[in-house]
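Novice: There's a structure below that I have some questions on.
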């Protein structure tokens with residue numbers, strides 16, 4: 001009899017336990033946005049340039065290994081500080097990837113990364129107060145827009161562009177504080193052939209999304225400055241020297257008793273030879289630096305100056321030396337004074353303009 005009573009009591013207790021408790025709260029979904037602190041969720045960003053192994057200015061790409069650090073607060077992840085002697089819970093590699101699937105994290109993407117990264121590893125730390133730190137090391141090729149307007153005194157920005165693609169700016173926002181700026185720098189041993197590395201700077205644009213909304217983004221760029229001395233020797237000295245060709249044709253002639261000493265066709269041959277020289281130089285330089293082949297920059301300006309000077313001197317040779325146009329229109333004295341004026345005025349104008357082009361690029 002007692003055994004039957006015990007069995008009945010056991011079945012009754014199990015039935016009671018099986019009755020659902022309407023007051024019991026379901027486990028929170030940690031993959032949703034943390035709303036305890038309000039919206040948008042603030043995500044702090046820093047980028048450390050571990051290495052820059054290549055910069056192809058003609059293709060507009062560079063290879064780099066960067067450490068991306070993200071920090072945000074999720075109060076739902078609070079836990080007693082005594083549970084972790086190290087002061088934080090840490091997950092590395094595949095374990096970090098698995099943990100990120102269980103909690104909310106900003107859907108960060110490198111928007112200027114080419115193809116897939118050749119190497120990527122993730123580390124996650126969760127602190128007792130609910131702060132999460134995600135560190136991701138990525139080795140990949142990134143694209144950039146090269147501005148050659150001040151070539152060869154130009155500065156370029158080797159930037160990585162990060163963007164939150166899952167949430168809008170009203171839901172999650174990327175920011176950087178002084179601590180993040182201090183973290184965002186380059187390794188001291190970075191060496192880039194032909195360039196000097198500088199500071200890391202951060203800009204905060206927004207990217208358009210669906211239905212007029214926007215997504216938060218940051219551009220974190222390492223500034224580099226071209227070592228101009230190497231380019232001046234190979235590009236600017238030939239360009240300045242080529243300016244002498246039409247001027248030599250101008251200086252070779254002289255006047256005696258109102259007549260020019262050197263025949264016009266000889267000087268015209270010199271100018272035509274100078275024209276082919278400038279064309280060959282143009283082809284050579286544009287082959288080495290394809291980024292300056294189009295657009296407005298110091299090199300294209302100097303090439304244009306060469307062509308204009310060649311054209312002016314050829315016009316002088318034909319009209320003044322060959323047909324004596326000024327002598328016929330205004331007399332021998334005017335032609336002789338005009339000739340003496342052009343001997344110094346045209347060189348001053350040509351080299352003064354060339355110097356101005358270079359000075360503007362150097363101070364720009």
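Novice: Based solely on its DSSP helices, what 222 nm [θ] is calculated for the chain when runs of n ≥ 4 H residues each add -39,500 (n - 2.57) and the sum is averaged over all residues, nearest 500 deg cm²/dmol?
Specialist: Taking each H run of at least 4 residues, the total per residue is -11500 deg cm²/dmol.
Novice: I would also like to ask the following. Arrange the peptides 81-89, 241-249, 196-204, 329-337 so that the one whose residues have, on average, the most other Cβ atoms within 10 Å appears first. Provide the component values of the computation, followed by the final result.
Specialist: Details: 81-89: 10.7, 241-249: 19.2, 196-204: 14.9, 329-337: 12.9.
Order by mean packing, descending: 241-249, 196-204, 329-337, 81-89.
Novice: To test your reading of the geometry: what angle, between 0 and 90 degrees and rounded to tens, separates the Cα axis of helix 2-18 from the longest principal axis of the chain?
Specialist: Between helix and principal axis, roughly 30 degrees.
Novice: Relative contact order of the stretch 97-185, please, whole-number percent, based on alpha carbon pairs below 8 angstrom and at least 6 residues apart.
Specialist: Details: 88 pairs, mean separation 29.2, N = 89.
Over the stretch 97-185, the number comes to 33 percent.
Novice: Going by alpha carbons, how many degrees (0 to 90, nearest 10) lie between the helix axis of 264-288 and the longest principal axis of the chain?
Specialist: Compared with the principal axis, the helix lies near 10 degrees.
Novice: With an 8 Å cut-off on Cα pairs and a minimum separation of 6 or more residues, tell me the relative contact order of the chain in percent.
Specialist: On the way: 586 pairs, mean separation 57.1, N = 364.
Taking the mean separation of contacting Cα pairs over the length of the chain, I get 16 percent.
Novice: Here's something else I'd like to know. Once you have the Cα-Cα distance between residue 263 and residue 79, take 0.36 nm times their residue separation minus that, and quote the gain in nm to one decimal. Before the final figure, lay out each step's value.
Specialist: Numbers: separation 184, 0.36 × 184 = 66.24 nm, distance 9.65 nm.
Gain on stretching residue 263 to residue 79: 56.6 nm.
Novice: Sorted by packing (mean other beta-carbon atoms within 10 Å per residue), highest first, where do 287-294, 156-163 land? The partial results should precede the final answer.
Specialist: Details: 287-294: 15.2, 156-163: 21.9.
Ranking, from highest mean packing down: 156-163, 287-294.
Novice: Starting from the Cα of residue 102, step 7 Å along the direction of its Cβ; do the same at residue 362; then give the gap between the two resulting points in nm.
Specialist: 6.3
Novice: Could you calculate the FRET efficiency of residue 237 with residue 116 from 1/(1 + (r/R0)^6), where r is the beta carbon distance between them and R0 is 35 Å, rounded to 0.05? Before the final figure, lay out each step's value.
Specialist: Values: r = 44 Å, r/R0 = 1.25.
E(calc), rounded to 0.05, equals 0.20.
Novice: Still on this structure, I have one more. What is the helix-to-structure angle for 298-316, meaning the angle in degrees between its Cα long axis and the longest Cα principal axis of the chain, kept from 0 to 90 and rounded to the nearest 10?
Specialist: 20
Novice: Considering the values (i) 21, 32, 21, 15, 6, 2, 1, 0; (ii) 31, 60, 9, 0; (iii) 27, 59, 13, 0, which represents P(r) over Cα pairs in 20 Å bins from 0, in percent as calculated for the structure under consideration?
Specialist: (i)
Novice: While we're looking at this one, here's another question. Label-point separation (nm) for residue 349 and residue 304, each offset 7 Å from Cα along Cα-to-Cβ?
Specialist: Modelled inter-label distance: 1.6 nm.
Novice: Compute the separation of the alpha-carbon centres of the stretch 81-102 and the stretch 110-154 and state it in Å as a whole number.
Specialist: 22
Novice: Say each of residue 166 and residue 296 gets a label point 7 Å from the Cα, pointing the same way as Cα to Cβ; how far apart are those two points in nm?
Specialist: Output for this residue pair reads 4.6 nm.
Novice: Over the stretch 230-363, what relative contact order in percent results from Cα pairs under 8 Å that are six or more residues apart?
Specialist: On the way: 100 pairs, mean separation 41.8, N = 134.
Here the relative contact order equals 31 percent.
Every number in this text was worked out from the coordinates using simple rules, so none of it is lab data. Note that the structure is predicted; figures quoted are calculated from it, not measured. Note that we place each Cβ from the backbone using ideal geometry, even for glycine, and neighbour counts take in every protein chain shown.
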